[in-house]
Amino acid sequence: MGEDQVLRVGFLCSGDIAHRVAGALKKLDQIELYGAASRNRDHAQALADEFGFRRVYGSYEELLEDPDVDLAYVGVPHPWHYELAKMCAEHGKALLLEKPFTINHYQAEEVVRLYQEKGLFLGEALWTRFLPGKKFADDAIAKGLIGDVRLVDANMICSNWVRGRMTDPAMGGGALLDLGVYALNCAVMFLGTDIADVKSTVSKWKTGVDEQEAVLLSYPDGRLGICKASMNGAGDTDGVIFGSKGTIRIENVMDFHRVTVYGPEGKVLAGFDNQKGVLKADGSIDEAWTREADPDNVLRDGHIVGYEYEFLAARKALLEGKKEFAEMSHADTMFLMESYDALRHSWGIDYPAEYGL
Ligand SMILES: NC(=O)c1ccc[n+]([C@@H]2O[C@H](COP(=O)([O-])OP(=O)(O)OC[C@H]3O[C@@H](n4cnc5c(N)ncnc54)[C@H](OP(=O)(O)O)[C@@H]3O)[C@@H](O)[C@H]2O)c1
């Protein structure tokens with residue numbers, strides 16, 4: 001990282017997520033949109049023209065050979081995460097890799113092993129884990145506002161997703177790896193990983209990938225997680241954490257853009273709005289709690305997308321010499337990857353990219 005401590009990020013991607021992430025990072029002083037790379041130079045140039053990247057490359061190798069790139073960000077479709085992650089490691093680059101980390105847990109294991117051997121930073125861009133709305137929900141639980149967490153119900157039912165790479169097995173398509181990731185992640189974030197039993201059911205799209213699924217997690221002490229995902233539903237991406245004394249309602253389990261804490265008899269106790277901060281019961285801003293949930297004061301800079309936080313966390317990890325995130329450890333990545341594999345295989349779904357076909 002430069003003397004000025006600005007993190008120079010190099011994008012190995014130029015598609016949908018690349019645009020959304022670049023839009024979020026553009027306003028941050030601590031991050032520079034430094035390099036844009038694509039298999040097709042024109043795509044990288046178009047991204048650079050829109051968001052102001054300093055350097056443009058017509059191949060991923062070229063970007064990785066640039067010593068001024070502090071952090072590589074890979075946001076191509078997941079069947080190619082493995083190859084690109086290995087290429088990043090070989091070039092000695094710290095890496096933020098989009099979710100799902102790889103196409104299966106065998107590939108994930110190898111990428112993690114390679115990075116650990118090389119002593120380089122590696123993190124999964126599961127952005128939800130870094131959001132202030134998620135931190136607010138954690139704090140509300142820790143303060144005892146809803147009592148003991150007993151059940152988490154998380155939905156990623158999305159309409160108009162039956163298109164493009166989503167339905168294509170060669171692109172790692174299906175609801176689970178794009179959308180279900182967030183529902184499962186939400187349950188595991190608040191319930192943990194000591195799961196006693198998993199039951200699930202799936203409906204497949206005509207191409208063989210999963211169109212929608214329901215997954216039931218049972219914990220040894222009776223807690224439950226209910227996770228649903230669909231790429232062909234009417235649209236509900238909300239979640240609820242049910243506690244013994246109250247509930248936390250999450251608007252969008254992917255970006256936690258609004259979170260409301262209800263006590264007994266449904267009384268509002270506190271809330272979070274990702275454009276305002278933490279709110280008291282009367283709707284006024286709780287300045288102290290907002291500072292805790294948003295320590296880098298990203299809210300100060302106006303419109304929040306959400307991707308800002310994972311990059312600020314990567315910068316902090318690199319400044320502190322860490323090799324993985326505290327918020328999303330390698331063990332967290334491996335747990336989720338193994339869970340996706342177990343679910344998919346119980347549904348009879350696999351991908352050509354897992355076998356190098
Ligand atoms: N965190 C989030 O909120 C979020 C949201 C959406 C997606 N994602 C994840 O981000 C990844 C990319 O999704 P996306 O929606 O951005 O995909 P996309 O719009 O289809 O973009 C894919 C980009 O990857 C590049 N690419 C490199 N190798 C490729 C190959 N062999 N085949 C096709 N494209 C290739 C292409 O760039 P060139 O043609 O210029 O080389 C293309 O622009 C997925 O893993 C997805 O799960 C995350």
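The values are calculated or read from the model by the stated rules, or taken from the named source; none is laboratory data. Predicted, not measured: the structure shown is a model, and the values here were computed from it. Here the Cβ is made from the backbone with ideal geometry for all residues, glycine too, and neighbour counts use every protein chain on show.
A few comments on the model shown:
- Of all the criteria given as (1) in a loop (DSSP other than H, G, I, E, B); (2) among the small types (Gly, Ala, Ser); (3) more than 11 Å from the ligand (Cβ to nearest atom); (4) surrounded by 16 or more Cβ atoms within 10 Å (Cβ to Cβ), the one not satisfied by Gly147 is (4).
- Boolean, Leu28 is in a strand (DSSP E or B) and either under 20 Å from Gly302 (Cβ atoms) or at pLDDT below 95 (or both): no
- Residue within segment 84-99 that is of a type in the set (Asp, Glu), in a helix (DSSP H, G or I), surrounded by fewer than 17 Cβ atoms within 10 Å (Cβ to Cβ) and at pLDDT 95 or above present: yes
- In segment 6-23, the residues that are buried (at least 21 other Cβ atoms within 10 Å of the Cβ) and within 16 Å of the ligand (Cβ to nearest atom): Val9, Gly10, Phe11, Leu12, Cys13, Ser14, Ala18, Val21, Ala22
- Residue selected from segment 187-214 under the condition assigned to a strand (DSSP E or B) and hydrophobic (A, V, I, L, M, F, W, C), by the criterion surrounded by the most Cβ atoms within 10 Å (Cβ to Cβ): Val202
- Matching residues in segment 266-313 - criterion: being part of a loop (DSSP other than H, G, I, E, B) and hydrophobic (A, V, I, L, M, F, W, C): Ala281, Ile304, Val305
- Subset of segment 314-339 (residues that are out of contact with any strand residue (DSSP E or B) (no Cβ under 8 Å at 6 or more places or on another chain) and assigned to a loop (DSSP other than H, G, I, E, B)): Glu320, Gly321, Lys322, Ala326, Glu327, Ser329
- Annotation note: Cβ proximity below 9 Å between a residue of segment 217-245 that is over 22 Å from Gly192 (Cβ atoms) and a residue that is of a type in the set (Lys, Arg) and part of a strand (DSSP E or B) (sequence gap 6+ or interchain) occurs for Asp236/Lys228.
- Qualifying residue in segment 70-77 (condition: more than 10 Å from the ligand (Cβ to nearest atom), outside any loop (DSSP other than H, G, I, E, B) and hydrophobic (A, V, I, L, M, F, W, C)): yes
- Condition broken by His81, with the remaining ones in (1) touching a Ser or Thr at 6+ places or on another chain (Cβ under 6 Å); (2) more than 11 Å from the ligand (Cβ to nearest atom); (3) of a type outside the set (Lys, Arg) satisfied: (2)
- Any hit, segment 125-142, residues being more than 16 Å from the ligand (Cβ to nearest atom) and farther than 26 Å from Val253 by Cα: no
- Output for segment 340-357, where each listed residue is assigned to a loop (DSSP other than H, G, I, E, B) and closer than 15 Å to His105 by Cβ: Ile349, Asp350, Tyr351, Tyr355
- The residues in segment 150-177 that are in a helix (DSSP H, G or I), more than 11 Å from the ligand (Cβ to nearest atom) and farther than 18 Å from His345 by Cβ can be counted, and the count is 1.
- Residue, nearest to Ala342 (Cα to Cα), within segment 219-247, restricted to residues that are among the small types (Gly, Ala, Ser) and loosely packed, with under 15 Cβ neighbours inside 10 Å: Gly222
- Residue pairs meeting the criteria (Cβ under 7 Å; at least 6 apart or on separate chains; first within 23 Å of Phe242 (Cβ to Cβ), in segment 141-165; second of a type in the set (D, E, K, R) and modelled with pLDDT of 95 or more): Ile146/Lys245; Gly147/Lys245; Val149/Arg223; Arg150/Arg223; Leu151/Arg223; Asn155/Lys228; Asn155/Asp238; Ile157/Lys228
- Across segment 42-61, the number of residues qualifying as part of a helix (DSSP H, G or I), of a type outside the set (S, T, N, Q), within 13 Å of the ligand (Cβ to nearest atom) and surrounded by 16 or more Cβ atoms within 10 Å (Cβ to Cβ) comes to 6.
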